[in-house]
Amino acid sequence: MPSSPAAQQFGAQPSPTRKSGAPKISGPEFRQGRRVTEAQVRKRPRNLGDPRNVELRRHTDGRLMGLRTDRYSWWVHWRELADFLLPRRYKWLITPNQATRGSPINQHIIDSTGTIAARDLSAGLHGGITNPTRQWLKMKVGYHNNDTPTEEGRWLAEVIRILMLIFSQSNFYTSCATVYFDIVIFGSACCLIYEDYENVITCVNPCLGEFYFAVNSNYEVDTVYREFVLTIKQIVEEFGYDNCSPSVQGLYDTGQGSLHREKLIAHAIEPNDDRRGYSVPRHFKWREVYWEWGQGQQFILRQQGFHEFPGGCPRWSTVSNDAYGRGPGMDSLTDVKQLQQESRRKAQGIDKQVNPPLVADAQLKNQPASLLPGGITYVVGMSAGKGVGMAPVYTVMPDIRGMVEDLAEVRARIKDIFFTGLMKMISQFEPKSNISATEIDARRGEQMVLIGEVLTRFDKEFLMPAVTRVYNIAMRAGLFPPAPASIQGQPVEVMFDSMLHEAIRANKAGGIERMLQTLGSIMGEDPQVMDNIDIDKAVAKLAIGFGVDPDIIRLPAELVQIRAQRQKQAQQQQQMQNAMAAAQGAKNLAGADIGGGKNALQAVMGQQ
C-alpha cells in the first residue's frame, strides 16, 4: 500500500514511562498527557520587561495585518458562499459582545438543494475516509505490518488500537465532520489538535473568517493566524490571572456581569526558525502566541512551542501559491444563485396566479369587501349588469411546468458538482433495477478518478499531520508499550485503509485484472505473450488493490524457496522418467530376435 513521505516524521521508540506490558486506556493514563505537555515552556508569570516579548508582539501584530490584506478577496468570496450555502460556519467581522448572534442567518436560502448536497458529500467523505465504526489506519515497519503475527506486528496492532481509542474518546470525529463540511463549501478548513488532561487530545475548529493561512516554499500551509473572542472568565481560566492585561484583571475582579464581557484575542502558530531570538526555545519547530488584540505590546497571554505542527489545514484544490483552496461550493455558487432566483420567481408567479392584484369599482372604496373563500361583497347595481365589482389587474398564467423542469436541471447540476452520484451510487438505482454489481463498480470507478486527487491532498494536508500529532502526543505521554528492540528507531509508515482508499485502489487494480484477462484470451494463439508481464508483481498489486489480507500472500524469499523445491522435484521426476524409459527400451531390445542366436540388445552392446 502506498505510504506518505510524512510517515518518516516519527519512528518506533521505547515508551518513556511504561516499562512493560500493553497500556490500558483509562483515566490515570490519560492524565499522564499533561506531564510532558508543550506547556512546560509557557511563561508564568510573564516578564513584562523582556524586550523579546515586545519584539515578538511587534512581529505578530504586523504579520496579522499583512495576512488580513492578503485574505481580503477570499474573505469576500466566503461571504457569498456562506450566504447561500452555510451561514453558520462563517463570520464577517470578529466583533466582541454582539447581541445579534441568535438572529436568523439563512435569509438568502429559499431552496436548500445546495446545502443538502454539500451535507451529503461531507457525510460521505466522513464515512468513507474516517469512519468511526471501522479501523481506517494501518502501520508498517520494514517487512512488519500490524497484521503480521510477530512481536513487531502485535506492537503495531496495539499502537493502532490505542490511537483509534484516543480518536473515539476525544472530539476528533466531531471535528472531522466540521472539517469536511468546511472544505466542501469553502475549499479550506482548519483543525488544531492540543493535548488534553482528560482525553489525551482535544480539537479546535476555527471557522471561516477567523483564521488566516500562509504557505512555505513548498506551497504547504505552515502558518495559521486567527482572531476570536473569549469572555473575561474564559480568558482568566485559559491563560491565568497574572498573564492578563490590567483591563481584563479589573473586569474579572468586578465579577458579576463583567465576567461575561468579551475581548478580542489574537493567536499565531508559525515556524520557530527565524533568528530574531524570541523567547520560545529553538528546539521547538513551531511556536504559538496568544495576545489581547489592541493591548500594549508588552502583554502576551501565552507563548509555547510544538515539536510538530499542531493540526491540519486541508484544502480541496489550489492554484499556484494560493494559501487558500477552492472547493465544490465555489463551483456551484452561480447555479445556487440561479436556483434561489428561479425559486423566488416561481413562488411569485404562483402567488400572483392564486392571489392576483385586483382592480375595483370606485364605489367600493371605503366599503366592506371580502376576499376570503365564501366571503360576500355587496355591490350596488350588480344585478343590472353594469360590470361593477372586482377583477384582476392582469391575468398571470406562468408556465409552472416549464419552471419546474428548469429547476430540476439546475438542481441536477448542483448535485453533480457535489458528487452526489458517487456518494449515493447504489441508492440511486431502483430496487428492482437490473443494474449489476459490475456496472456499479464501473460507474464508481469513473467518479473515483475525479475525487482521487482530492483524497491524496487530504491525506497529505490533514490525515497524516493529525495522525503524526496524536502519535507523538501519546508517545511522549507513555501510552504505548515499549517497541521491540528490532524496530526501535526505525520509521513507521502510515497507510490509510478507509472505504474510499480501498475503492480507489480497487479501481486501479481493475486495470491489471482486465489486462490479464485479455492476455489470457490470446495465449492460445501466442503463448509467449505472457513474457511481457511480471506475474509476481501483478499479483502483489492486485492483492493491495483488492484489500487482500497480507498474511495469505507469500514473501519473495518463500517464493524462491518453493520454486527451487518444485524445480528440484521436477528434475528428479524427469530423471525417474528417463530411467524408466531406458529400462523399457532395454527390455524391448532384449526381446527382439535378430537371428543367429542374438537379440537386438546384444547387437547394440556389441556382444558376440
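The values are calculated or read from the model by the stated rules, or taken from the named source; none is laboratory data. These numbers were taken from a predicted model, which means no experiment stands behind them. Neighbour counts run over all protein chains shown; Cβ positions are idealised from the backbone, glycine included.
Which members of the range 462-502 meet the condition of being among the charged types (D, E, K, R) and either assigned by TED's automatic domain parsing to the domain that holds residue 200 or out of contact with any strand residue (DSSP E or B) (no Cβ under 6 Å at 6 or more places or on another chain) (or both)?
476, 502
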Right, residue 83: under 30 Å from residue 165 (Cβ atoms), among the charged types (D, E, K, R) and touching a residue at least 12 places away in the same chain (Cβ under 8 Å) or not? no
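Which residue, of 230, 192, is touching a residue at least 40 places away in the same chain (Cβ under 8 Å) and either part of a strand (DSSP E or B) or of a type in the set (Ser, Thr, Tyr) (or both)?
192
Here is a yes/no grid of residues against (1) crowded, with 18+ Cβ neighbours inside 10 Å; (2) outside any loop (DSSP other than H, G, I, E, B); (3) not acidic (Asp, Glu):
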position	(1), (2), (3)
92	no, no, yes
111	yes, no, no
114	yes, yes, yes
135	no, no, yes
Please verify whether residue 86 is in the same structural domain as residue 299 (by TED's automatic domain parsing), at pLDDT below 90 and closer than 26 Å to residue 269 by Cβ, treating the condition exactly as stated. no
Test set (1) small (Gly, Ala, Ser); (2) under 30 Å from residue 342 (Cα atoms); (3) surrounded by fewer than 16 Cβ atoms within 10 Å (Cβ to Cβ) - residue 118 fails condition number: (3)
Could you tell me whether the range 338-348 includes any residue that is in contact with a His (Cβ under 8 Å, 6 or more places away or on another chain) and in a helix (DSSP H, G or I)? yes
Is it the case, given these coordinates, that residue 325 is buried (at least 22 other Cβ atoms within 10 Å of the Cβ) and in a helix (DSSP H, G or I)? no
Where a residue in the range 480-507 is closer than 17 Å to residue 470 by Cβ and its partner, wherever it lies, is among the small types (Gly, Ala, Ser) and modelled with pLDDT of 85 or more, with Cβ under 9 Å and at least six apart: 480/474; 498/127
Check 455, 422 and return the single one that is at pLDDT below 85, under 24 Å from the mean Cα position of the chain (by Cα) and under 29 Å from residue 496 (Cα atoms). 422
So which of 271, 246 ends up being exposed (fewer than 15 other Cβ atoms within 10 Å of the Cβ) and within 21 Å of residue 466 (Cβ to Cβ)? 271
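Confirm whether residue 158 is in contact with a strand residue (DSSP E or B) (Cβ under 7 Å, 6 or more places away or on another chain), in contact (Cβ under 8 Å) with a residue 60 or more places away in the chain and over 15 Å from residue 466 (Cα atoms).
Values: in contact with a strand residue (DSSP E or B) (Cβ under 7 Å, 6 or more places away or on another chain): no; in contact (Cβ under 8 Å) with a residue 60 or more places away in the chain: yes; over 15 Å from residue 466 (Cα atoms): yes.
So residue 158 fails the test.
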Just for the range 274-298: of the residues that are without any contact (Cβ under 8 Å) to a residue 60 or more places away in the chain and in a loop (DSSP other than H, G, I, E, B), which one is surrounded by the most Cβ atoms within 10 Å (Cβ to Cβ)? 295
Within the range 170-179, is even one residue among the hydrophobic types (A, V, I, L, M, F, W, C), within 20 Å of residue 324 (Cα to Cα), in a loop (DSSP other than H, G, I, E, B) and touching a residue at least 40 places away in the same chain (Cβ under 8 Å)? no
If we ask which residues in the range 233-246 are touching a helix residue (DSSP H, G or I) at 6+ places or on another chain (Cβ under 6 Å) and free of Cβ contacts under 8 Å to residues at least 24 places away in the same chain, their number turns out to be 1
Filter result for the condition that a residue is touching a helix residue (DSSP H, G or I) at 6+ places or on another chain (Cβ under 9 Å), touching a residue at least 24 places away in the same chain (Cβ under 8 Å) and buried (at least 23 other Cβ atoms within 10 Å of the Cβ), over 315, 302: 315
Just name the residue that is nearest to the chain's Cα centre (by Cα) out of those in the range 313-347 that are β-branched (Val, Ile, Thr) and assigned by TED's automatic domain parsing to the domain that holds residue 121. 318
Find the residue count for the range 93-134, including only residues that are basic (Lys, Arg) and under 30 Å from residue 261 (Cβ atoms). 1
Would you confirm whether or not the range 165-186 contains a residue that is on the phi > 0 side of the Ramachandran plot and in the same structural domain as residue 62 (by TED's automatic domain parsing)? no
